[in-house]
1. Let me know the charge dipole size of segment 111-172 about its Cα centre in debye, to the nearest 20, where only the beta-carbon of Lys, Arg (+1) and Asp, Glu (-1) is charged.
2. How big is the accessible area of Glu31 in square angstrom, nearest 10, if you roll a 1.4 angstrom probe over the protein chains?
3. Hey, any idea what % of segment 66-123's accessible area is carbon plus sulfur with a 1.4 Å probe?
4. Quick one: work out the % antiparallel among DSSP beta bridges in segment 238-375, nearest 5.
5. Let me know the charge dipole size of segment 216-375 about its Cα centre in debye, to the nearest 20, where only the beta-carbon of Lys, Arg (+1) and Asp, Glu (-1) is charged.
6. If packing is taken as the average number of other Cβ atoms within 10 Å across a peptide's residues, how do 84-92, 339-347, 280-288 rank, most packed first?
7. Per residue, how much accessible area does the chain show when a 1.4 Å probe rolls over the protein heavy atoms, in square angstrom?
8. Report the one residue of Met161, Leu176, Gln151 whose Cα lies farthest in the direction of the positive end of the charge dipole of segment 136-179 (charges on C-beta: Lys and Arg +1, Asp and Glu -1; origin at the Cα centre).
Amino acid sequence: MRKVFILAAIATLAFSCTKKESGYSVTVKNESGDFQKVILSNGSKENPIEDTLEFVNSTATFTGKINGWEVYRLKGVKATGESAMLAELYLENADYSVTIPADEKSRTQITSTTSKLQKQIDSLAALSAAVYEGIDMDGMFAKFRDKETPQKVKDSIRELMNSLREKSGSYLDNYLAQNPTSPIALYNAYQNIRYVSLDSAKKIQNLFAGVANYAESRYLKGIKDAVAKKEALAPGQQAPDFTLNDTEGKPVKLSDVYPKNKITMIDFWASWCGPCRAFNPTLTKIYAKYNKKGFGILGVSLDRPGDEDKWKEAIKKDKLVWQHVSDLKFWDCEAAKLYNISYIPQSYFVDSEGKILLASPSEEEIEKFLSENLK
């Protein structure tokens, strides 16, 4: 499972929410001259809650009352209208003090709180961050990207970065193992449910559905919704049909494509997507190997509005000789919504009748699947 880097550390104490009958207060101190307003929001699409305050004497204080706990985000707004994410709060009925530093390179700090949940998370996050103390990550990345850096040095840098990432991530693994139904575990599962298999998603749903305190949680509801979407796109289901324009502006219907092949890959990608572009050379080799055996690809681009030329240029540069379509709506791509696409590259494989054969495989699974099904 991929992990959202909210925190990463082990905790041995069980969680207990802070009770404050009068509600919560979040005081934001603005030491930076960049921001004029601050927004506190829950980030929910179904039931959005957002409160905006202007700074008065460099201070703004949000007050309210919340049922249980929920993750809220603080966002700063500049005079130009440009906004920036400042901090993430595990909001419950407690007091929070947050400081926006004058130095742009410094991170916004939650300087004090009476929330036991926030204290726990902050302490765990600090342990995770300590893994990288004294290490010049920017310098390492720069050296890794430098064409003049010897391959042996790049390999050692990659090994060190993987080691650090693994050590940092192990704290969260340990915490989740010891606290499998904690609020932290619930939110982490909600954030990552899109990346796991249907079977794993069902187990996660059943785990949290058994906790009475989560019955009304929007995070549990989100997990249930994700499971339902995965079930609708599971192998054996009919692939949702869609029509998008090709590079010449001509409409292409999915159901007109898959009857031409034994197996069709619906490949969601974009010219701006680094991992997609990195995988394209491998995908072209796979296509060349299996195309004559009945393998076809329909590339669906999530390029941005106005980036038609970049889309076409990437197709040409990466030598992607199969059919391509897009509505150039970025993450609002109609086909991407039908297939619940929340990351790319991501793909679905269908047979000649449009039945889903394989859903969201890893890169390693793709050729294995084709070699077994296209003799």
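1. 160
2. Roll a 1.4 Å probe over it and Glu31 shows about 90 Å².
3. 45
4. Details: 15 of 25 bridges.
Given both bridge residues lie in segment 238-375, the antiparallel proportion sits at roughly 60 percent.
5. About 360 debye.
6. 84-92, 339-347, 280-288
7. Here the residues of the chain average 54 Å² of exposed surface.
8. In segment 136-179, that residue is Gln151.
The values are calculated or read from the model by the stated rules, or taken from the named source; none is laboratory data. Not measured: the values here are computed from a predicted model. Please note: Cβ atoms are built from the backbone with ideal geometry, for glycine as well, and neighbour counts cover all protein chains shown. Quick note on the areas: whole protein, heavy atoms, side chains included, nothing else; ligands and nucleic acids left out. Shrake-Rupley method; radii C 1.70, N 1.55, O 1.52, S 1.80 Å.
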